1. Restricting the search to the range 172-195, which residues are open to solvent by less than 10 Å² (accessible area, probe 1.4 Å) and under 20 Å from the mean Cα position of the chain (by Cα)?
2. Please work out if R336 is part of a helix (DSSP H, G or I), closer than 26 Å to L287 by Cα and without any contact (Cβ under 8 Å) to a residue 12 or more places away in the chain.
3. Have a look at A664, A618 and point out the one that is within 30 Å of P696 (Cβ to Cβ), surrounded by 17 or more Cβ atoms within 10 Å (Cβ to Cβ), at pLDDT 90 or above and among the small types (G, A, S).
4. Quick one: is A555 small (G, A, S) and open to solvent by 50 Å² or more (accessible area, probe 1.4 Å)?
5. For the range 346-361, how many residues meet the condition of being open to solvent by 20 Å² or more (accessible area, probe 1.4 Å) and either aromatic (F, W, Y) or in contact with a His (Cβ under 9 Å, 6 or more places away or on another chain) (or both)?
6. State which residue pairs qualify: first residue touching a residue at least 60 places away in the same chain (Cβ under 8 Å) and among the acidic types (D, E) and inside the range 640-654, second residue open to solvent by 30 Å² or more (accessible area, probe 1.4 Å) and not in a helix (DSSP H, G or I) in any location, beta carbons under 9 Å apart, and separation of 6 or more residues or different chains.
7. Are there any pairs, at least 6 apart or on different chains, whose C-beta atoms fall under 6 Å, with the first in the range 308-321 and more than 7 Å from I281 (Cβ to Cβ) and modelled with pLDDT of 85 or more and the second open to solvent by 10 Å² or more (accessible area, probe 1.4 Å) and part of a helix (DSSP H, G or I), and if so, which?
8. So is I295 more than 23 Å from V208 (Cβ to Cβ), modelled with pLDDT under 85 and of a type in the set (A, V, I, L, M, F, W, C) or not?
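The values are calculated or read from the model by the stated rules, or taken from the named source; none is laboratory data. These numbers were taken from a predicted model, which means no experiment stands behind them. Note: ideal-geometry Cβ built from the backbone for every residue, glycine included; neighbour counts use all protein chains shown. The accessibility values were calculated without ligands, DNA or RNA, using every heavy atom of the protein model including side chains. Shrake-Rupley method; radii C 1.70, N 1.55, O 1.52, S 1.80 Å.
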Amino acid sequence: MVARGPNDIWARARRARLLQVLAVYVSASFIVLQVVDLFIDKLGLPDWFFPGGVALLLIGLPIIVATAVVQSVPNPLRERAPSPKSKRERRSERRSSSPASTADSPSAEEVAAASTHWLTWRKAILAGVVAFAIWGLVAAGYMAMRVLGVGPVGSLVAAGALDARDRILVADFDNRSPEPTLGQALTEAFRIDLAQTTLVRVVEPGRVAEALARMQQRADAPLDLALAREVAIREGIKAVVAGEVTKAGTGYVLSARLVAAEDGVELAGFRENATDSTAVIAAIDRLSKRMRERIGESLRTIRANQPLERVTTSSLEALRLYSQAMRAFDSGDDVRAQALLEETLRLDPGFAMAYRKLGVIFGNRREDRSGQIEVLKRAIEHIDRLTERERYLTLATYYNTIGERDQAVTAYETLLATYADDETALNNLGNLYQDRREYARALVLHQRAFETGANAVNMLNLAFDQFGVGLADEAQATFEELARRFPDAGSEVFLAQLRTRAGQYADAEAHLHALRDAKRADLRWRAITSIELADLAALRGKLADAERHLADAMAAQEERGQVASYIEGAVTRGRWDIVVRGDAQRAFRGLEAALTRHPLGTVAPLDRPYAGLVNVLALGGRLDRAQAHLAEWEASLSADLRPGAEWQLGWARGALALGRSRPADAIPELRRAADGPCSLCGTSELARAYDLAGQPDSAIAVYERYVDGRELYRTGPDAAWLAISYERLGDLYEGRADTTKAADYYRRFVDLWHDADPELQPRVEEVRRRLTRLAAPEAAR
């Protein structure tokens with residue numbers, strides 16, 4: 001193959017036909033535009049960079065065509081011009097040259113004149129390269145100004161008007177259209193889209209409601225610009241977004257301004273048009289993305305987000321209902337929120353965020369697990385219609401609900417890798433570490449959540465962690481601060497638990513009575529406080545008082561339609577009868593009465609209190625019936641729910657094995673239960689299994705792990721097992737001749753039950769006699 005020099009290439013190009021040139025140009029243009037699109041996607045160049053590249057290629061097209069035409073016209077001077085020769089050929093010509101040999105060749109001046117036409121391939125290609133270089137410099141200058149915060153394109157974060165991770169409050173859109181709910185719908189849509197940014201944090205409506213309550217304003221008060229600025233100043237929020245929607249013929253004009261909270265200076269402002277109601281959501285999407293770009297978010301990140309109507313709904317009416325549901329939810333009206341969300345889903349059955357919010361409502365109530373799992377499954381079916389943040393929150397909530405806690409941890413950690421200050425993820429991941437009794441790790445996460453945006457839930461969990469790591473005084477201070485800042489958070493319940501753990505039973509009881517009296521009209525709070533009072537009384541051996549309070553709680557639950565909770569109350573009472581009184585027949589009579597009044601079949605399978613029911617029946621010796629309910633329970637669990645229920649199933653199987661006098665079979669099952677998220681469930685039974693298996697050292701270790709556990713909220717299990725555990729530990733240590741520890745646990749038992757009901761006083765007197773017997777040798781020495 002003969003090598004060709006540059007001049008050969010130019011000669012071939014000059015002889016090219018027009019169609020061939022066009023084909024080459026179109027192919028090259030396609031490649032150039034692909035590269036431009038790649039730069040826009042990977043480097044986050046502005047959207048106008050692509051049409052700019054198209055414009056340059058269109059401008060270059062006539063130049064290329066004209067050059068091809070000019071260069072294809074025969075030119076005698078060009079054709080007569082000698083071809084370039086090698087050095088050897090030129091030396092040979094000089095030795096043998098004669099005047100005749102060059103007579104027909106054009107002169108150097110003629111060749112130069114023929115080659116200096118301005119439409120040459122060299123010049124055309126060079127001009128294109130220069131044009132694109134200038135275009136690239138323009139884009140680089142734009143990006144530099146944006147990054148440095150210079151000029152009208154500079155980002156607000158780079159300019160110092162905002163800091164990364166600052167909080168932004170979205171005020172209600174000023175609705176100047178004749179449609180009364182349009183403003184609310186657009187506010188919610190704008191907040192959802194703006195919340196996808198990772199550069200700043202959008203204040204959640206719940207935080208706004210808490211701030212309004214501290215300002216003695218209604219939680220659902222219209223949040224206009226003036227009130228939003230006042231909230232922002234009080235809460236240390238730098239900027240407020242104020243929006244407006246106006247009717248313009250058949251269309252709408254939407255605008256949004258970013259305003260400094262302190263002085264009201266406008267930091268940025270944008271306007272978009274919607275041709276009609278079907279284009280409103282898309283216009284809000286464009287408005288939000290322009291706002292995010294001006295704040296300083298990467299254009300590449302903004303483009304990666306799905307369109308707003310994709311992650312919410314294309315139905316404006318469904319969006320209206322969803323926004324009203326969010327208002328009801330944030331004001332504490334879960335019942336209305338649920339009704340509005342269900343109506344929303346009738347209009348748009350694929351509205352995944354509405355399903356997720358329903359799952360949150362069911363989860364907060366802790367009363368409709370089957371309903372919660374169902375709506376979360378529906379959300380996951382439409383998971384491609386969720387924002388990235390909502391997607392991981394939904395997956396984590398679902399995994400946690402079905403008991404797949406490792407997967408829930410992974411989902412929250414993945415979310416936090418992008419949204420490092422997401423309060424919900426920080427709080428809920430901390431809760432999962434609480435379940436694992438990893439209180440130090442939970443404390444770090446809940447502290448971050450609290451610093452990101454202090455609210456009642458964060459403070460509550462922070463106090464649990466503080467108690468868990470041994471900071472009881474700090475936990476009390478946090479609870480007291482919680483009561484001051486969020487008086488409606490029900491902190492009296494947790495203060496009562498703290499006092500109970502400190503042995504201040506009278507104070508705990510007073511707190512609970514005050515709370516029940518204050519909230520007696522609220523059936524849910526009446527049930528909660530009555531259960532707390534019942535557990536506290538049973539813990540101290542006052543079973544008559546405990547049963548009276550429990551009956552009040554069960555009546556409230558029945559009136560609320562919470563049949564599963566009513567049956568659970570009967571199970572609790574049966575456990576007291578068997579464990580504390582030693583009266584299994586009394587327990588079975590109470591259970592039969594409750595199940596006759598409300599048969600188990602009237603409750604959704606996932607909401608039936610199978611774990612407690614099987615446990616109590618096995619403890620009392622009704623093994624066949626306990627086995628039958630266990631089989632029903634196992635049959636009701638689908639494959640995806642079975643792994644998360646294994647710890648509860650282990651608790652039930654272990655109780656059955658103990659009832660059958662097979663402690664060796666019970667131990668592995670009860671260990672599985674004790675290692676689950678409920679650290680106290682099955683622990684006392686596990687100690688009893690080791691005891692019956694003739695392993696006193698293991699029994700002592702597990703009993704002591706139970707009685708000395710750092711869980712704060714534990715009065716329910718303790719009501720049945722704490723006094724019994726103290727008594728048995730005294731027995732075991734006395735059997736090992738360790739009189740000091742035996743006396744310690746006997747004293748704890750007597751102190752706890754010194755005011756117990758008369759029917760329990762013979763046991764108290766017996767332990768007092770043991771204490772006296774143990775003290776006699778000590779006195780003699």
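1. Hits for the range 172-195 are A189, F190, D193, L194.
2. Considered against the rule, which asks whether it is part of a helix (DSSP H, G or I), closer than 26 Å to L287 by Cα and without any contact (Cβ under 8 Å) to a residue 12 or more places away in the chain, R336 comes out as no.
3. Just a single option satisfies the conditions, and that option is A618.
4. no
5. 1
6. From the range 640-654, the pairs are D640/E404.
7. Matching pairs, first to second residue: S315/L347; E317/L347; A318/L347; L321/L340; L321/E343.
8. Against the criterion (more than 23 Å from V208 (Cβ to Cβ), modelled with pLDDT under 85 and of a type in the set (A, V, I, L, M, F, W, C)), I295 does not qualify.
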